[in-house]
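First comes the structure, then the notes that go with it.
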Amino acid sequence: MNKPRTHKAPEGIRVYLVGAHATGKTTLARWVRDHYGIPMIAEVARGVLAEMEAKLDTLRTDIALVNRYQYEVFRRQIDAENAVGGPFVSDRAFCNLAYAAHHSTILADIFRDRKLGEYMNWVRQGIVFFVRPHRELVVADGVRAGLEWEEVVRIDGMVKLLLEVFGVPYIPVESLSMQERVRLMERVLDLAGLPQLQTVAAPTPAEGVAQRVN
């Protein structure tokens, strides 16, 4: 099979998948990375957690630690995006602020920080997909506190509030079907002028069956 044809993505195009945990954002971000050939920004939360040598149980009980953690995640996300210097896809943006609203006491300080306004203006210039939750997808991810369905719904509502407050245009991704999710994103990104990677050889019938089984 021939290798994918490489291309140069439109300068500066940024794709964000925002929403609560356990909604499938990372799966979709990987699909964008693989089908459009743009870098994917790795999640910073796990790295921050490891550097702090902290565990979820500690974050739930130590308010000073959770404050430091949430601010550092916010700062690292901005740094990671600036470091790319071109097109990218990210499976989050300001999402940790939704968790900060529920689990920390620093949200007022962040809202007074000019970095937040600058960053939200930066996000507004990207393509934002708001991935809505489904109970079937709620599984433990080892990072975020609160794996109950009610918690996911609360975080989803807070992400929506932040989108509306800062006037960030977004495309809701509400279907549970991966096929429908991909078709929606494919249409939007095609209209935005982001070309897909192409291969000359198509999958064989046997390969197609294997993909469906997997």
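The values are calculated or read from the model by the stated rules, or taken from the named source; none is laboratory data. Only a predicted model underlies this, so the values are computations on that prediction, with no experimental measurement involved. Cβ placement follows ideal geometry from the backbone for every residue including glycine, while neighbour counts extend to all protein chains displayed. Quick note on the areas: whole protein, heavy atoms, side chains included, nothing else; ligands and nucleic acids left out. Shrake-Rupley method; radii C 1.70, N 1.55, O 1.52, S 1.80 Å.
Would you mind finding the one in 91, 109, 113 that is over 17 Å from the mean Cα position of the chain (by Cα), closer than 22 Å to residue 47 by Cβ and acidic (Asp, Glu)? The match here is 113. Looking at 127, 63, just one residue is under 30 Å from residue 180 (Cβ atoms) and among the aliphatic types (A, V, I, L, M), and that residue is 127.
For beta carbons closer than 9 Å, sequence separation of 6+ or different chains, a first residue in the range 176-199 that is within 18 Å of residue 24 (Cα to Cα) and a second that is open to solvent by 50 Å² or more (accessible area, probe 1.4 Å) and aliphatic (A, V, I, L, M), the qualifying pairs are 176/137. Residue check: residue 64 meets all listed conditions (1) in contact (Cβ under 8 Å) with a residue 12 or more places away in the chain; (2) of a type outside the set (D, E, K, R); (3) open to solvent by 10 Å² or more (accessible area, probe 1.4 Å); (4) assigned to a helix (DSSP H, G or I) but one, namely (1). When every residue of the range 96-118 is checked against the conditions, at least one turns out to be under 30 Å from residue 195 (Cα atoms), part of a helix (DSSP H, G or I) and not polar (S, T, N, Q).
One line per residue, one yes/no per condition, for (1) part of a strand (DSSP E or B); (2) in contact with a Leu (Cβ under 6 Å, 6 or more places away or on another chain); (3) open to solvent by 40 Å² or more (accessible area, probe 1.4 Å):
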{"residue": "151", "(1), (2), (3)": "no, no, no"}
{"residue": "154", "(1), (2), (3)": "no, no, yes"}
{"residue": "161", "(1), (2), (3)": "no, no, yes"}
{"residue": "164", "(1), (2), (3)": "no, no, yes"}
{"residue": "169", "(1), (2), (3)": "no, no, yes"}
{"residue": "172", "(1), (2), (3)": "yes, no, yes"}
{"residue": "179", "(1), (2), (3)": "no, no, yes"}
{"residue": "184", "(1), (2), (3)": "no, no, yes"}
{"residue": "189", "(1), (2), (3)": "no, no, no"}
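Among the residues in the range 5-13, are any at pLDDT below 95, assigned to a loop (DSSP other than H, G, I, E, B) and basic (Lys, Arg)? Within the range 5-13, one or more residues are at pLDDT below 95, assigned to a loop (DSSP other than H, G, I, E, B) and basic (Lys, Arg). Criterion first (under 19 Å from residue 165 (Cβ atoms) and free of Cβ contacts under 8 Å to residues at least 12 places away in the same chain) does residue 92 satisfy it? Taking the combined requirement at face value, the residue does not satisfy it.
Residue count for the range 87-114, restricted to those that are surrounded by 12 or more Cβ atoms within 10 Å (Cβ to Cβ) and either among the basic types (Lys, Arg) or within 17 Å of residue 17 (Cα to Cα) (or both): 13.
A count restricted to the range 35-46 and to residues that are open to solvent by 30 Å² or more (accessible area, probe 1.4 Å), part of a helix (DSSP H, G or I) and at pLDDT 85 or above stands at 1.
Beta carbons closer than 6 Å, at least 6 apart along the sequence or on distinct chains, pair a first residue in the range 146-170 that is without any contact (Cβ under 8 Å) to a residue 60 or more places away in the chain with a second that is not in a helix (DSSP H, G or I) for 149/138; 168/128.
Of all the listed residues (19, 24), the sole one being of a type outside the set (S, T, N, Q), at positive phi, surrounded by 16 or more Cβ atoms within 10 Å (Cβ to Cβ) and at pLDDT 95 or above is 19. Within the range 119-128, which residues are open to solvent by less than 60 Å² (accessible area, probe 1.4 Å) and assigned to a helix (DSSP H, G or I)? Passing the criteria: 119, 120, 123.
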